[in-house]
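Notes follow once the structure below has been shown.
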Amino acid sequence: MNRNYGIDIWGDNNFIIKKSTINVNHKSQPSLLEITQKIRRDGYKGPVLLRFPHLIKKQVSTLYNEFNRAIKEFEYGGDFQAVFPLKVNQFPNFVHSLMDVSKEYNYGLEAGSKAELLIAITQTPIGYPITVNGFKDKEMISLCFIASNMGHNLTITIEGLGELRTIIEVDREFNQDIKPKIGVRIRLHSTGVGKWAKSGGYGSKFGLTSTEILEAYYLMEKHNLLEQLWMIHFHIGSQMSEIAPLKKALREAGNIYADLKNRGAYALSAINIGGGLAVEYSQHKYSKEINYELSEFANDVVFLIKEIAKNKKIDEPDIFTESGRFIASSHSVLITPVLELFSQDYNEKSLRLKNNNPPLISELYELYLELNSSNAREYLHDALDHIESLLTLFDLGYIDLEDRSNSEILVHLIVKKSIVLLQNEGLEELKKLQNKIQERYLVNFSLFQSIPDFWGLQQNFPMMPIDKLDIEPTNPATLWDITCDSDGEIAFDDNLPLYLHDVDVTKEEYFLAFFLTGAYQEVLGMNHNLFTHPTEVVVNFDENGEYRLDKLIESQNIMDVLEDINYDKSVLDKKLKLQIGKSDLLGKLYLYLSENSYIKTIQANN
Ligand SMILES: *Cc1c(COP(=O)(O)O)cnc(C)c1O
């Protein structure tokens with residue numbers, strides 16, 4: 001098993017392993033352990049979400065650089081422009097960092113609802129692009145007109161003819177000189193691939209058919225709106241695992257663009273290729289999710305549009321993207337404390353050997369004491385044989401509970417020790433056995449809150465311990481979160497095995513990190529069992545290269561969690577006071593209620 005947890009596959013050089021820890025590969029290269037300990041020293045317990053703005057900057061500049069390189073290489077006539085789709089992450093600590101690190105790029109925002117539009121209007125500098133997708137009512141379209149009036153560079157992407165009719169109506173009512181620009185989302189006949197492919201194709205919720213596009217064109221012509229029509233838009237779905245469907249979609253969109261342009265849509269000047277740029281989440285070479293790189297993606301887009309423009313004798317349009325996952329996913333890391341190892345109690349100290357033990361138990365004990373690398377295989381077989389007999393003896397009433405407990409502990413110890421002794425022999429049998437006796441790690445987080453796509457779509461996120469990386473991990477691990485839901489589990493998977501260390505968390509801390517959680521997870525996260533968004537902090541680096549923790553927001557306290565689902569805090573307050581009376585427990589109670597709802601202490605420090 002790789003000790004590096006596949007960091008060379010999913011890590012993109014964002015983190016490096018230094019001796020025993022995983023460190024941020026930037027400036028002073030602090031370890032995630034050191035950052036975590038610093039936050040916890042300040043009293044914040046439970047899971048912590050770390051945000052790294054320098055990783056947002058890296059993604060934004062990589063996107064622009066690759067497209068600008070391709071544009072230069074192919075001597076392409078149009079420009080590259082981009083917006084960030086807010087549905088991927090609307091949290092202020094993300095959006096503020098995003099706008100801050102991308103200023104030089106004229107990078108804007110894409111909104112798909114009124115609330116997102118409000119974020120876009122207030123966070124985007126005047127002149128930077130804003131695109132508005134999704135279903136829109138008259139109010140939303142009016143908001144777009146108001147934003148244009150403020151001076152914003154806003155494009156309404158129409159998803160259906162009804163929206164265009166509403167635009168015509170609102171335009172008449174507002175009767176203003178400055179109007180939003182218009183884009184048309186096309187309904188592709190080609191579809192995407194992968195888990196999220198439903199956004200494209202004939203069955204898609206979105207976009208205009210060819211008949212509707214023609215009708216829209218003539219409607220705009222009739223109502224003097226062709227001047228506003230500047231963009232053709234499509235989106236083939238998220239996490240595109242291969243590039244072929246994009247090429248098909250581009251040919252389709254390019255030809256629609258050229259047709260409209262030649263038909264008389266004189267202001268048309270951009271093709272928006274949506275999002276879909278994928279992220280490599282895999283920790284194993286054989287389960288990689290993507291078969292292309294950004295450079296190939298950019299080359300294909302630029303080359304294909306250039307070809308179509310040449311064939312159809314039109315100017316080369318600007319290329320617009322709305323990649324979200326690619327920009328946001330790497331920026332956050334979720335750090336979670338391990339609270340307990342399920343089999344921690346199977347240790348020597350827990351043995352209650354008697355002066356006079358049943359013979360099979362005495363024998364097990366001897367096997368355990370005498371176990372070494374030359375006899376391990378044989379003794380292991382003997383031990384497995386004995387436990388079967390011992391459990392039968394218990395069922396028949398011949399041995400008592402203490403005997404049974406001793407047998408279970410001893411066999412567990414023998415198996416564990418054998419695995420270590422035999423680990424270099426590559427025995428298939430041992431691997432099977434090892435995988436069967438997985439260790440269960442109870443982890444202080446909610447999977448439903450922090451990686452909902454694991455629950456909903458079986459999307460794996462890279463996970464690994466942030467310490468002890470110089471030691472071979474030997475426990476096949478199943479992770480349990482702290483919700484009371486049996487789905488709150490990341491079961492050990494033979495095909496995608498995760499091994500963790502054998503630690504005594506009553507004596508030392510052990511943290512697991514989940515990577516690439518920055519896209520979609522936060523807002524899709526649900527408050528199952530009322531575990532809310534974890535404590536979050538922005539990790540910035542100063543001129544000297546030292547890191548600084550900014551904008552810490554603690555996970556909601558218990559009273560606020562209840563208020564959020566509309567309990568009346570003052571009523572709860574009254575009831576509590578009434579029930580507790582004049583007791584001096586009141587202070588204690590209110591102290592607990594002021595804390596966040598994650599697990600505080602099972603062991604001393606967690
Ligand atoms: C969701 C969405 C995106 C972002 O897709 P990613 O796969 O995250 O890049 C872009 N455009 C539209 C219209 C979307 O709905």
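Every read-out reported here was derived from the displayed coordinates using simple, explicitly stated rules and does not represent laboratory data. Here the structure is a predicted model, which means the values were calculated and not measured. Note: ideal-geometry Cβ built from the backbone for every residue, glycine included; neighbour counts use all protein chains shown.
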Give me the angle, in degrees from 0 to 90, between the Cα long axis of helix 53-73 and the longest principal axis of the Cα atoms of the chain, rounded to the nearest 10. 50
Considering Cα pairs under 8 angstrom that are at least six residues apart, work out the relative contact order of segment 7-92 and quote it in whole percent. 12
Within the chain, what's the longest run with no chymotrypsin sites (Phe, Trp or Tyr not before Pro) in a DSSP loop and at most 13 other beta-carbon atoms within 10 Å? Give the range, please. 399-566
Measuring from the longest principal axis of the C-alpha atoms of the chain, the long axis of helix 569-580 (C-alpha) lies at a number of degrees, nearest 10, equal to 20
Helix-derived [θ] at 222 nm for the chain: sum -39500 (n - 2.57) over DSSP H runs of at least 4, divide by residue count, nearest 500? -12000 deg cm²/dmol
FRET efficiency for Leu161 and Asp79, using Cβ-Cβ distance with R0 set to 35 Å, rounded to 0.05: 0.70
Among the lysines, which have Cα under 23 Å from the Cα of Lys574 when same-chain residues fewer than 8 positions away are ignored? Lys582, Lys588
Relative contact order as a percentage, the chain, C-alpha pairs under 8 Å and 6+ apart, gives 17
Over 19 Å between alpha carbons, listed pairs Lys18/Lys468; Lys72/Lys103; Lys45/Lys577; Lys58/Lys306; Lys87/Lys181: Lys72/Lys103; Lys45/Lys577; Lys58/Lys306; Lys87/Lys181
If we restrict to alpha carbons, what Rg and Dmax does the chain come to, in Å? 29.5, 100
Rank Pro92, Leu530, Asn14 by how far each Cα sits towards the positive end of the charge dipole of the chain (+1 on Lys, Arg Cβ; -1 on Asp, Glu Cβ) and give me just the farthest. Pro92
Return the aspartates and glutamates within reach of Lys431: Cα separation strictly under 16 angstrom, same-chain partners fewer than 8 residues apart disregarded; answer none if there are no such residues. Glu378, Glu439, Glu472, Asp493, Asp494
Could you grab the relative contact order for segment 77-168? Cα pairs under 8 Å, six or more apart, rounded to a whole percent. 25
Compute the acute angle (0 to 90°) between the alpha-carbon long axis of helix 401-422 and the principal axis of greatest extent of the alpha-carbon atoms of the chain; round to the nearest 10°. 60
Going 7 Å from the Cα of Ser295 along its beta-carbon direction, which residues of segment 40-74 have the amide nitrogen within less than 18 Å of the resulting point? 59-74
Lysines with Cα under 16 Å of Lys38, excluding same-chain neighbours fewer than 8 positions away: Lys551
In nm, to one decimal, how far is the modelled label at Ile553 from the one at Phe303, with both set 7 Å along Cα→Cβ? 4.3
Could you give the longest part of the chain that holds none of the trypsin sites (Lys or Arg not before Pro) found in DSSP loops with at most 16 neighbouring Cβ atoms within 10 Å? 28-194
Amide H neighbours of Ala82 under 5 Å, at least 5 residues apart or on other chains, H built in the peptide plane: list them. Gly108, Thr321
